[in-house]
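Worksheet: the structure to be examined is printed underneath.
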Amino acid sequence: LLGRTAQTGALRRLVEEPMIARWVEEGFTIHREHNSDHCEFCAQPLPAARMAALAEHFGVEDQRLKADIEQTARIARNLLDGVATLIFPAKTALYAELRADYETALGMAERCRTALIDQIDAAAAVLDEKLLNRATAYARDIAIDPQPLTEALATMAAVVDRHNRK
């Protein structure tokens, strides 16, 4: 996804200035949806050539890439919410002789959760950057590794299982 670009018809100024590109895209969309022939900002007539150039810049390929990035960013944020809101049982719910093992496993799970949250945050930040710079290909590795948290949760579950069997 980061390596994809929407280069066809890209306007240099909008490629170089992502904040302006976002503003222009929003305005272009509003004017197109309202079938306006005058700029709502400056009240000047909208030149047909400029509108055609913007239509090419924000074309189907660009919009498809934008939608894919937004969908992936939503997935990342949902994952982040799920991981961040995990609730671990209190150690006092276990038999006293199992609490030390559980507390060790809980500490590991919390550290792994924090690391996973950091990884997801970093991925979401790169996706947000890509959303603003769709004409630029990125060669970044995004590593989201849930395995350490999965293993820590399995260790916690084993302690809880020992509690339940007792």
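Below is a table of values for the structure above.
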item	result
With Cα atoms, 0 to 90° folded angle of helix 48-57 axis to the chain main axis	30
Relative packing of peptides 41-52, 113-124, 134-145, 21-32 - highest average C-beta neighbours within 10 Å first	113-124, 21-32, 134-145, 41-52
Cα-Cα separations in region 82-166 greater than 19 Å, expressed as whole percent	50
From phi via Karplus (6.51, -1.76, 1.60), per-residue ³J(HN,Hα) for region 15-29 in Hz, x at Gly/Pro	5, 7, 10, x, 5, 5, 4, 5, 5, 5, 4, 4, x, 4, 5
For the chain, convex hull volume per residue from C-alpha positions, Å³	141
Estimated dipole of the chain in Debye, rounded to 20 [Cβ of Lys and Arg +1, of Asp and Glu -1, Cα centre]	340
Charge dipole (the chain, unit charges on Cβ, about Cα centre) - positive-most of Leu86, Leu127, Ala105	Ala105
Cross-link partners of Lys66 among lysines (Cα-Cα below 23 Å; sequence separation of 8 or more within a chain)	Lys130
Carbon/sulfur fraction of accessible area - the chain, other protein chains in place, 1.4 Å, %	56
Probe 1.4 Å, protein heavy atoms only - accessible area per residue of region 1-131 in square angstrom	62
Residues of type lysines that Lys91 reaches as a straight line, Cα spacing below 24 Å, ignoring anything fewer than 8 places off in the same chain	Lys166
Value at 222 nm in deg cm²/dmol, rounded to 500, when DSSP H runs of n ≥ 4 in the chain each add -39,500 (n - 2.57)	-22500 deg cm²/dmol
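The values are calculated or read from the model by the stated rules, or taken from the named source; none is laboratory data. As the structure is a prediction and not an experimental result, all values here were calculated from the model. A quick note on method: Cβ atoms are made from the backbone with ideal geometry, for glycine too, and the neighbour counts reach across all protein chains shown. Accessible surface is based on the protein model in full, side chains and every heavy atom, while ligands, DNA and RNA are left aside. Shrake-Rupley method; radii C 1.70, N 1.55, O 1.52, S 1.80 Å.
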